[in-house]
Amino acid sequence: MSQMNLEQVKQAAEYANVVRHKYAQPVSEHVSLGRPLRLVVFLVVWLVLTGLFTLIGGALAGAAGMGVAFPVGLALAALPAGLVSRIVRVAAQWERAVILRLGRFHGIKGPGVLFVFPVMDFARFIDTRLLTLDIPHQQVITRDNVPVQVDGVIFFLVQDPERAVVTVQDYRYAISQYAQASLRDVIGSMTLDELLSERDQIQARIAQAVEERSRAWGIHVDSIRLLDINMPEDLKRMMSRQASAEREKRATITKAEGDREAAINLAAAATTMATSPGAMQLRTLQTIDGLGSSPSNTVLLAVPVEVLELAKALSAGKTPPGT
């Protein structure tokens, strides 16, 4: 039964992790904004070429062939109109187009309307906004031989689109893999206590390591944040018992310090009352006054205070006062 419960818990955790990543998926890299403009260009060029081809066909075939020239002109004008419309492209404000002409780097264009010639040019649109990538769960062994699972997220942006396209095959995949390796290297060199208490320093070290390498790819790493740190269940229970023992230890020490201070204050009060002849009487009267403040309390003194003073004087070998 316990094994089934454990499997259900694991399945629930995996489902929650899938849902969390599902709703954290980024949008597509390129947003096509030039379709309406290309459609308008296609229609205008198509109509112009259709009229031109129809006039040429009618002139060659005569008035009788005008009815055949029009559909032939429609068909012939479709291909060049489509090629001309493909020249016009639109880049968003946050996009830059890396143009390769006949396989060689030609330039960077955008944002706005740009012209990419079919067959000769190839355009790769690069998003220059702040991008995010998940760092999936990494199984890491800390320096004190404790297995942990750590995941996180990396925030970065493309500063040089040319190097991001020409230098590295897939900059998203490359920076994700390098971030995973750096995370394992940094956490593997630290103890479990350092991992739990120095999260900010760990994040800064990982970000610095990734930044040093990704700078050559034209990428700037904004930050890296650790999300979850999962440890074995038995280790969690031991840490819970340790924390409980630490709290009990602090409570015992605090109580002992309070008892010591109370004893010191009581000893000082006893010394003061011993050196002052009327201090005990005043303390007794004060206690009686405190007990008799409520109408339901009745205080009876079986032995007067004077008798107690007489007994004390006789035991000290002194003559009682007033005798």
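The values are calculated or read from the model by the stated rules, or taken from the named source; none is laboratory data. Every value quoted in this text rests on a predicted model; they were computed, and no experiment measured them. Cβ atoms come from the backbone with ideal geometry, glycine included; neighbour counts cover every protein chain shown. With ligands, DNA and RNA removed, areas are computed over all heavy atoms of the protein, side chains included. Shrake-Rupley method; radii C 1.70, N 1.55, O 1.52, S 1.80 Å.
Quick notes
- Net charge contributed by nearby residues that have their C-beta within less than 12 Å of SER85 (K/R +1, D/E -1): +4
- Difference of contour (0.36 nm per residue) and Cα-Cα distance, GLU194 to LEU47: 45.7 nm
- Full-extension gain in nm, VAL40 to GLU212, via 0.36 nm per residue minus C-alpha separation: 57.2 nm
- A simple spin-label model places pseudo-atoms 7 Å from Cα toward Cβ; at ILE56 and ASP228 they are separated by 6.6 nm.
- Prolate/oblate/rounded label for the stretch 121-173 (Cα gyration tensor, a/c 1.5): prolate
- THR132 - accessible surface, heavy atoms, 1.4 Å probe, Å² rounded to 10: 50
- When peptides 149-162, 69-82 are sorted by average Cβ neighbour count within 10 Å, with the highest value leading, the order is 149-162, 69-82.
- Less than 5 angstrom separates the built amide H of GLN159 from those of ILE219, HIS220, all sequence-distant by 5 or more or on a different chain.
- Other residues whose C-beta falls under 10 angstrom from the C-beta of VAL140 contribute a net charge of 0, scoring Lys and Arg +1 and Asp and Glu -1.
- Net charge in the neighbourhood of VAL45 (other residues with Cβ under 15 Å of its Cβ; Lys, Arg +1, Asp, Glu -1) is +2.
- Per-residue accessible area (protein heavy atoms, 1.4 Å probe) orders TRP94, TRP217 as TRP94, TRP217, starting from the largest.
- Alpha-carbon Rg with Dmax, taken over the stretch 64-170, Å: 24.0, 94
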